[in-house]
Each structure stands twice: as C-alpha cells, then as structure tokens.
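Q: Sending over a structure as structure tokens; questions will come in a sec.
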C-alpha cells in the first residue's frame, strides 16, 4: 500500500518532514541514503536541497537525477506527530464523516448528487482527487456548505 504525501517541509541540514494523508508526519534525514546512493550527497548544497518539490503524492524531486519515493520516508522515517482530523480534515475524511452524520449511504448520496457510488467510494478512500465543484455538490446534498482553509506551516529552518 502506498501512502499519499500531502505536505513537505525542509528542516536543518538534509532533514525533512513529510505529512501524509493519514495524518502522520514523518521526519527523515536524507543523509541516511548517502552511502547507498552517493549522488544524493549533492543535497548537502542547501540551495539544491531547498529546491525539492513534492511531485504528486508519491515522490520528492530535486532534479532529473535526484528524487525519492515518499513511501521510503513513510516506512523508514520517524513519526514526529499524528495530526487528527480536527484541525483540518482531508477531503476523504470530511466527506466520510459528513455522510455518516447525515445518515446517508453512499448509494443514497450518489442518487442525491448524480455522482457514481463508486466515485464517492474512491473519494472517501482517498484515492480520488475530487474537484471543488464535486465537493460542493456533495456538501449541498448533505445539507452543508463547503469551506476551504489553508493553514500555513511554520517557516522552514535555515
């Protein structure tokens, strides 16, 4: 099973933190891979290290030669915290929780929204990336409203 990364933060040296869809935040020092993959020692260059980007939900990429699967970080990293779905729900957990509170089944929600039940299942399992319009339709069918919030992470450490 692959775990979807939802956030990336660079720390001191070659350490980073990755937040995953399940709420876990894992810390990992890229230096752990320097012996196995000598090309990664280039990440000692702070400017290069800070240029890394989360590519989709499954990898971090610095350039054509330097990348890492986020699953490695999930498996080998240290869990520094687990964010619970009270400070910021994922779309998956928000839809599932709202539907449960409304007492509707996925089939009933599908009928009310015109969205296939299989797509609602994918949204709730976190394997679909619903559009804002789709989430608005779901919220309306559940008698609610869609609110989007952006929480800024603390400044990166230099």
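The values are calculated or read from the model by the stated rules, or taken from the named source; none is laboratory data. Everything quoted here is computed from the prediction, not taken from an experiment. Neighbour counts run over all protein chains shown; Cβ positions are idealised from the backbone, glycine included.
Q: Given the criterion modelled with pLDDT of 95 or more and not in a helix (DSSP H, G or I), identify the matching residue among 65, 35.
A: Residue meeting the stated conditions: 35.
Condition check ((1) within 19 Å of residue 23 (Cβ to Cβ); (2) touching a residue at least 60 places away in the same chain (Cβ under 8 Å); (3) touching a helix residue (DSSP H, G or I) at 6+ places or on another chain (Cβ under 6 Å)) across all residues:
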position: 93; (1), (2), (3): yes, no, no
position: 96; (1), (2), (3): yes, no, yes
position: 100; (1), (2), (3): yes, no, no
position: 103; (1), (2), (3): no, no, no
position: 111; (1), (2), (3): no, no, no
position: 119; (1), (2), (3): no, no, no
position: 124; (1), (2), (3): yes, no, yes
position: 127; (1), (2), (3): yes, no, no
position: 134; (1), (2), (3): no, no, no
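Q: Would you check which residues across the stretch 97-106 are in a loop (DSSP other than H, G, I, E, B) and at negative phi and list them?
A: Passing the criteria: 104, 105.
Q: Residue by residue through the stretch 15-32, note down the ones that are part of a helix (DSSP H, G or I) and without any contact (Cβ under 8 Å) to a residue 40 or more places away in the chain.
A: Selection gives 30, 31.
Q: Also, I was wondering about something else. Based on this model, can you work out whether residue 17 counts as within 23 Å of the chain's Cα centre (by Cα) and loosely packed, with under 13 Cβ neighbours inside 10 Å?
A: Criteria not met by residue 17.
Q: Quick one: in the stretch 1-14, which of the residues that are closer than 16 Å to residue 50 by Cβ and assigned to a loop (DSSP other than H, G, I, E, B) is nearest to the chain's Cα centre (by Cα)?
A: Among residues in the stretch 1-14 that are closer than 16 Å to residue 50 by Cβ and assigned to a loop (DSSP other than H, G, I, E, B), the one nearest to the chain's Cα centre (by Cα) is 11.
Q: Now for a separate question. Specify the residue that is modelled with the highest pLDDT; the eligible residues are those in the stretch 68-91 that are in contact with a helix residue (DSSP H, G or I) (Cβ under 8 Å, 6 or more places away or on another chain) and under 22 Å from residue 144 (Cα atoms).
A: Per the criteria, the residue is 91.
Q: Residue by residue through the stretch 107-123, note down the ones that are in a helix (DSSP H, G or I) and either touching a strand residue (DSSP E or B) at 6+ places or on another chain (Cβ under 8 Å) or over 26 Å from residue 5 (Cα atoms) (or both).
A: 107, 108, 109, 110, 111, 112, 113 - these are the residues of the stretch 107-123 that are in a helix (DSSP H, G or I) and either touching a strand residue (DSSP E or B) at 6+ places or on another chain (Cβ under 8 Å) or over 26 Å from residue 5 (Cα atoms) (or both).
Q: Now for a separate question. So if I check each of 126, 143, which one is modelled with pLDDT of 90 or more and part of a loop (DSSP other than H, G, I, E, B)?
A: So the residue among 126, 143 that is modelled with pLDDT of 90 or more and part of a loop (DSSP other than H, G, I, E, B) is 143.
Q: Then there is this: Given (1) under 16 Å from the mean Cα position of the chain (by Cα); (2) farther than 30 Å from residue 140 by Cβ, where does residue 23 come up short, assuming only one miss?
A: (2)
Q: Of the numbered conditions (1) modelled with pLDDT under 95; (2) farther than 27 Å from residue 146 by Cβ; (3) surrounded by 15 or more Cβ atoms within 10 Å (Cβ to Cβ), residue 2 satisfies every one except a single condition; which is it?
A: (3)
Q: Quick check: is even one residue across the stretch 52-61 in contact (Cβ under 8 Å) with a residue 40 or more places away in the chain, part of a helix (DSSP H, G or I) and surrounded by fewer than 16 Cβ atoms within 10 Å (Cβ to Cβ)?
A: no
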